[in-house]
Amino acid sequence: MPSQETTSKVIHFFENIEKYYGSKTEITEALCTEADHFDTQLTTWNLSEFTLVRSAYRNAGARFMMEGEKMYYEISAKIIVDFKQPGRNTFEFIEQYGKSVFRITKIKFHYKY
C-alpha cells in the first residue's frame, strides 16, 4: 500500500497530465525481482514511444490509463509502492505485483514548455 504522500503525488500527476497531451511520450518499463536493485542482467526492459492523446482512470480494476495512437498503457493504482519525479517532465512508478515481482515504469514527456 502506498504512503499518503506517494498517493498525493500520484493523484497530482494524473490531475495535471493533460498539459502533456500532444507530447511525444517515452515509456520504459522493467520487470524485476528487486525494487531497489535493477541489475540489467536480471531485468527485462521494454521501450515504447507514442504521442499522448488521452488519459483516464478506470474504476474497474483501479487503473491509470494513458493512450496514444495504437498504444495503450495502464498502471495499477492499488499496487504502486513508489513514485518519483527524477527530472523535468520525467516520472517513475514502481508497482509491486507479488512478493518479489516489481514493474518499474519510467515516463518521459518531450514537452516544449
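Values in this text are rule-based calculations from the coordinates and carry no lab data. Predicted model only: the values in this text are computed from it and were never measured.
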Which entry in (i) 0.94; (ii) 1.05; (iii) 1.00 matches Rg/Rh (Cα atoms, Kirkwood Rh) derived from the coordinates of this structure? (i)
In the structure shown, do any of LYS9/LYS112; LYS9/LYS78; LYS70/LYS106; LYS78/LYS112 have a Cα-Cα gap over 24 Å, and if so which? LYS78/LYS112
